[in-house]
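A short write-up of the structure that comes next.
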Amino acid sequence: MENSSVSTKHAVSGEIINPAMPVRRIASVDVYRGFVMLLMMAEVLAFPRVARAFPESTFWQILSFNQSHVPWTWFGLHDLIQPSFTFLVGVVLPFSIESRKNKGATHVSLLQHTIKRALILIFLGIFLRSIHAKQTYFTFEDTLTQIGLGYTFLVILGFYSQRVQIIALIVISVGYWLAFALYPLPGATFDYASAGVTANWEHNLQGFAAHWNKNKNLAWAFDRWFLNLFPRESTFLNNEGGYCTLSFIPTLGTMILGLFAGNKLNSSSVPAEKIKFFIITGVGLILFGVLLHITGINPIIKRIWTPAWMVFSGGTCFLLLTFFYWVVDVAGKKSWSFFLMIIGANSIVAYCMSDGGVREFISESLLIHLGHNYGQIFGLEYTTLVTGGLVLFFEWLILYWMYKKKIFIKI
């Protein structure tokens, strides 16, 4: 990673701003990314803890639900963080490829740069997950590693026509669905203890949909083999949340959906046509995902990134992009979004703050200087709102300082 005063590139996005070769800026992309990262950073406010103090409050229960991941099927607002971040990788890719080609990059040099970036993303994800471990914690379900595993394939697809990209999306979706559907269901002798799930878990699915049950599916079986190829503190038996390595395959599908949006944004179409395309595509994907779920063909499950989740969350991302694009870029109402823009401009730093040790450092420093009870100024129930709010404020100040100094961390 590096800083540059001549050329800057947003982390993961691949967008380049070079004075010698200007690139059209889509401000709404940074704002959307900032919104997504704010949701992640705001975990420090710990709404679920406040909600437990007010069990009768509908307001706090709603906030708590949407700051938590659902146990298995369907979704909450917090479940849209990863697909949005992933979707935006595809959105900015056409701009990145165009910019590098304008600077004389060949397909070979683009591919070399892509592989390097993919490896950095994978290893950065592993590093962040290993911060509090006793040894390197090899896991590949993290957002950054999932993007890294599929990123090279995405860039290669970016060189081809949209027809080829659509075919690739269909092959990924149907192939991933079929692989799970053909994997046998647990038999009478299945070891539920090693899977970390009971036979009567309330979120278990029945019938054909049972092929996508937590830690009783193809992806879980794959990780039981794959993750134990790496040095570990103990043998890998299951992921407590049901997350899996193979999710990177349909995650690539989400990036391809973002690529479709990016192709449209980068086209000569007038804004009204772009917005119409985003809305129709978004609504269509959402309805298709719901149809797959309610018919039992494929459940909507974020944790293993089912094809139904891919199209459903992808449709939601299209609609969110529509909102930010219309308000920020078309209507030109940008002043309100400055707070989000600051976060989105250095998204990789914001991500590391949330997933690394920066949050803990700021929190401990505040305890040293303000005392251990400063968070109780409005009552014990609101402690996390006070302490978390201050941590979030100082994290934003760091990002603001970097923005003013034109320091953009890139990969």
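What follows draws every value from the coordinates through simple rules; no lab data is involved. Remember, predicted model here, so these are calculated numbers, not experimental data. We place every Cβ from the backbone using ideal geometry, glycine too, and count neighbours over all the protein chains shown.
With runs of 4+ DSSP H residues as the only contributors, calculate the mean residue ellipticity of the chain at 222 nm using -39,500 (n - 2.57) per run, divided by the residue total and rounded to the nearest 500.
Details: 16 runs with 237 residues, N = 411.
The helix-only estimate for the chain comes to -19000 deg cm²/dmol at 222 nm.
Can you pull the one-decimal nm distance between simple spin-label points at SER57 and VAL283, each 7 Å off the Cα toward Cβ?
Going by the 7 Å Cα→Cβ label model, 3.7 nm.
For segment 268-339, with equal point scatterers placed on the C-alpha atoms only and solvent neglected, what are the log10 I(q)/I(0) values from the Debye formula at q = 0.11, 0.28 1/Å, to two decimals?
Summing over Cα pairs of segment 268-339 leads to -0.35, -1.10.
Using DSSP to call loops (not H, G, I, E or B), can you name the GluC sites (Glu not before Pro) in segment 225-332 whose Cβ has at most 14 other Cβ atoms within 10 angstrom? Let's see the in-between values first.
Values: sites: GLU233, GLU240, GLU273; in loops: GLU233, GLU240.
When the GluC sites (Glu not before Pro) of segment 225-332 are filtered for loop state and at most 14 Cβ neighbours within 10 Å, GLU233, GLU240 remain.
Let me know the shape class of segment 340-398, please: from the alpha-carbon gyration tensor, a ≥ b ≥ c as square roots of the eigenvalues, rounded when a/c is under 1.5, otherwise prolate if a/b is greater than b/c, or oblate.
Values: a/c = 2.71, a/b = 1.92, b/c = 1.41.
It comes out prolate by the Cα gyration axes.
About its Cα centre, what dipole magnitude does segment 109-203 give when the only charges are +1 on Lys and Arg Cβ and -1 on Asp and Glu Cβ, stated in debye to the nearest 20? Present the calculation step by step, with values, prior to reporting the outcome.
Numbers: 5 positive and 4 negative charges, 92 e Å.
For segment 109-203, the charge dipole is close to 440 debye.
Counting alpha carbon pairs within less than 8 Å and at least 6 residues apart, what relative contact order, in whole percent, applies to the chain?
Working: 607 pairs, mean separation 116.1, N = 411.
Here the relative contact order equals 28 percent.
Whose amide H sits under 5 Å from the amide H of LYS410, counting only residues 5 or more places off or on another chain, with H placed in the peptide plane?
Long-range HN contacts for LYS410: GLU2.
In the structure shown, do any of LYS101/LYS333; LYS264/LYS333; LYS276/LYS405; LYS333/LYS406; LYS103/LYS410; LYS101/LYS410 have a Cα-Cα gap over 27 Å, and if so which? Intermediate values should be presented prior to the final figure.
Values: LYS101/LYS333 32 Å; LYS264/LYS333 22 Å; LYS276/LYS405 38 Å; LYS333/LYS406 23 Å; LYS103/LYS410 18 Å; LYS101/LYS410 19 Å.
Checking Cα-Cα distances, LYS101/LYS333; LYS276/LYS405 exceed 27 Å.
With a cut-off of at most 12 other beta carbons within 10 Å, and DSSP calling the residue loop, which GluC sites (Glu not before Pro) in segment 24-101 qualify? Please list them. Please report the intermediate quantities before stating the final value.
Values: sites: GLU43, GLU56, GLU98; in loops: GLU56.
Sparse-neighbourhood loop GluC sites (Glu not before Pro): GLU56.
Among the chymotrypsin sites (Phe, Trp or Tyr not before Pro) within segment 195-297, which fall in a DSSP loop and have no more than 14 other Cβ atoms within 10 Å of their own Cβ? Kindly include the intermediate steps, with their values, before the conclusion.
Details: sites: TRP201, PHE208, TRP212, TRP220, PHE222, TRP225, PHE226, PHE236, TYR243, PHE248, PHE260, PHE277, PHE278, PHE288; in loops: TRP201, PHE236, TYR243.
Filter output for segment 195-297: empty list.
So which helices of the chain fit the span-like rule, where a helix is a whole DSSP H run, its Cα atoms reach 24 Å or more along the axis, and its mean Kyte-Doolittle is at least 0.5? Walk me through the intermediate numbers first.
Details: long enough: 81-102 (32 Å, 0.55); 107-129 (33 Å, 1.20); 162-182 (30 Å, 1.68); 248-265 (25 Å, 1.22); 271-294 (34 Å, 1.60); 307-324 (25 Å, 1.53); 383-404 (32 Å, 1.12).
The answer, listed by residue number, is 81-102, 107-129, 162-182, 248-265, 271-294, 307-324, 383-404.
Once amide H atoms are built 1.01 Å from N in the peptide plane, which residues 5 or more positions from PHE190, or in another chain, come under 5 Å H to H?
none
If we count every other residue with Cβ under 12 angstrom of TYR151's Cβ, Lys/Arg +1 and Asp/Glu -1, where does the sum land?
Values: positive: LYS116, ARG117; negative: none.
Within the 12 Å Cβ shell, the charges total +2.
Rounded, prolate or oblate: which one fits segment 186-265, using the alpha carbon gyration tensor with axes a ≥ b ≥ c (rounded when a/c is under 1.5, else prolate when a/b beats b/c, else oblate)?
Details: a/c = 3.14, a/b = 1.56, b/c = 2.01.
In terms of gyration-tensor shape, oblate.
Taking every alpha carbon pair in the chain, what does the distance histogram look like in 20 angstrom bins from 0, in percent?
Reading upward from the zero bin: 25, 58, 17, 0.
Roughly how many nanometres apart are two label points built 7 Å out from the Cα toward the Cβ at LEU397 and TRP336?
That separation, rounded to one decimal, is 2.7 nm.
Quick one: grab the alpha carbon gyration tensor of segment 282-387, order the square roots of its eigenvalues as a ≥ b ≥ c, and give me rounded if a/c is under 1.5, else prolate or oblate depending on whether a/b is larger than b/c.
Numbers: a/c = 2.66, a/b = 1.68, b/c = 1.58.
Since a/c reaches 1.5 and a/b is larger than b/c, the shape of segment 282-387 is classed as prolate.
Pick from ARG33, ARG232, ARG224: which residue has the top mean-square fluctuation in a GNM of the chain where Cα pairs under 10 Å get a spring?
Maximum among the listed residues: ARG232.
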